[in-house]
Each structure stands twice: as structure tokens, then as C-alpha cells.
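Here's the structure, in C-alpha cells; my notes come after.
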Amino acid sequence: MRLNEIPRHAEIVLTVKDSSTTLDFRTRVRDVIGENGIWVDIIKDGKGRSVSFTGVPVSLSYYSGSGKPVVWSLVTVKLLKVGGELKQAIVTSVEGEEINRRRVYRQKINLPGAVDYGANQEEVMVRDVGSTGFSFVSDGKGTRHGTSIMIVCTYQDGETQITLNGKIVRVQDLDDGKICYGCKFIGRTDLLNKYIRRKKREEKS
């Protein structure tokens, strides 16, 4: 898939990684630039200033809502002035590659947990945890992409209490009217790392 095949107004995610931090920036496609680029809504920080991507490796991902996500592992992001208007362009001559979500390890737990949205709390069902994140099912429909959350749940084996910290990156409507939220970890505790490693060993044995 080429960049110019992403539909106009579609949401995309730019990811910046260094040795210790991963940052995601969401924006939408405004228009295409020839065969190798797209114009996007200008990405701004919390103070309303445009974000500079100069000198840092940036990847781009797009998910249509069905099929597999598509990732461009290295793109160039430029802030340009065109006709007196400031615009943000993303360019790459490389085609994006489909990623199989099922390659990521997931341990199903289906246990109740208490989620903390800052000032609000809610009882939810934690569906699974894995190497990169976790998911939970909720009756609530007001939580959006990018919301940072904390969930405390108790695992049945050993009654170990584990806290999950993450950012919502996927929202899926379920047939029963509930919502499944997919979360990307914001840090992982040693306790959770040990739990996942142990479960992997048990499944292989």
C-alpha cells in the first residue's frame, strides 16, 4: 500500500521512538501529494505549538477498521509554507507493510478490574494482557483514543494483584452493546513481566 492510497480524512498514527520512550501522535489525512506523500492536519503539542519531527526516526501506521494494520517503518515529516499557509507533509517512496496482530502474545484472563480514568472509576472486565498491551470490556462509551488509564485487578492464580497502566489506542463496538478498549502499555511492572514469561513457558510445556 502506498501513502496516497490512504483515504482522505482517515486517522493515522505517527510513532517516534528512542532508547527509552515511545510517543504516538494522531492526525488525519487532508489530501495527497503525488504518488509518495500526503498532507495531514498539523500535529500540535499541549500548548498549541506545532510538533517538530526533524532529526528523529518516525514510523506511520494506518488501520481501516478491518483487515490488517499497515505500517510504514520510516517516513519523513515536513512543516512547509504553501501559498502563505502552514502545512504538514508526510513523504516516503516505500510501500507500507501489513502487520499480523496475532503475532503479538496475548494471555486471556477475563477477570474483573477497577479502572481509574483520573477523577472517575468504573468496574470493567480485563480480557487479556500481552507483550505490548492489554484490553478490557466496559459499558462506558465516553472514553476515547489517547486516554491514559490505570486498572487494578487480581489474578486468580496466586491472588496476585497487578496494576496495568496504559493508553487507549483502539475502540471496538461489541455485539452485546459493550465496548472493547485496546490499550498500549505505559511501562510494565516486574511482576507483570514475570507473569507473562511464566504463562508463555506453561503454554509451551
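The values are calculated or read from the model by the stated rules, or taken from the named source; none is laboratory data. What you see is a predicted model, and the numbers here were worked out from it, not measured in a lab. All Cβ positions, glycine included, derive from the backbone under ideal geometry; neighbour counts span all protein chains shown. Calculation scope for accessible area: heavy atoms of the full protein, side chains included, ligands and nucleic acids excluded. Shrake-Rupley method; radii C 1.70, N 1.55, O 1.52, S 1.80 Å.
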- Matching residues, the stretch 177-195, being within 15 Å of GLY130 (Cβ to Cβ), surrounded by 13 or more Cβ atoms within 10 Å (Cβ to Cβ) and at pLDDT 70 or above: CYS180, TYR181, GLY182, CYS183, LYS184, PHE185, ILE186, LEU192, TYR195
- Name the pairs: first residue in the stretch 41-55 and free of Cβ contacts under 8 Å to residues at least 24 places away in the same chain, second residue surrounded by 10 or more Cβ atoms within 10 Å (Cβ to Cβ), Cβ to Cβ under 8 Å, at least 6 apart or on different chains? LYS44/SER50; LYS44/VAL51; ASP45/VAL51
- When only residues in the stretch 16-57 that are closer than 25 Å to PHE185 by Cβ and touching a Phe, Trp or Tyr at 6+ places or on another chain (Cβ under 8 Å) count, which is least open to solvent (accessible area, probe 1.4 Å)? ILE43
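Table: residues versus (1) under 16 Å from the mean Cα position of the chain (by Cα); (2) in a loop (DSSP other than H, G, I, E, B); (3) at positive phi.
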{"position": "TRP39", "(1), (2), (3)": "no, no, no"}
{"position": "THR54", "(1), (2), (3)": "no, yes, no"}
{"position": "LEU60", "(1), (2), (3)": "yes, no, no"}
{"position": "SER64", "(1), (2), (3)": "yes, yes, no"}
{"position": "SER73", "(1), (2), (3)": "yes, no, no"}
{"position": "THR76", "(1), (2), (3)": "no, no, no"}
{"position": "LEU86", "(1), (2), (3)": "no, no, no"}
- Message: Here is a list: LEU79, LEU86. Which entry is in contact with a strand residue (DSSP E or B) (Cβ under 7 Å, 6 or more places away or on another chain), modelled with pLDDT of 85 or more and surrounded by 14 or more Cβ atoms within 10 Å (Cβ to Cβ)?
- Response: LEU79
- Message: Just the residues that are closer than 24 Å to SER66 by Cβ and modelled with pLDDT under 80, please, taken from the stretch 153-176.
- Response: ARG170, VAL171, GLN172, ASP173, LEU174, ASP175
- Task: Spot the failing condition for ARG127; the list is (1) in contact with a Cys (Cβ under 9 Å, 6 or more places away or on another chain); (2) at pLDDT below 85, and only one is missed.
- Result: (2)
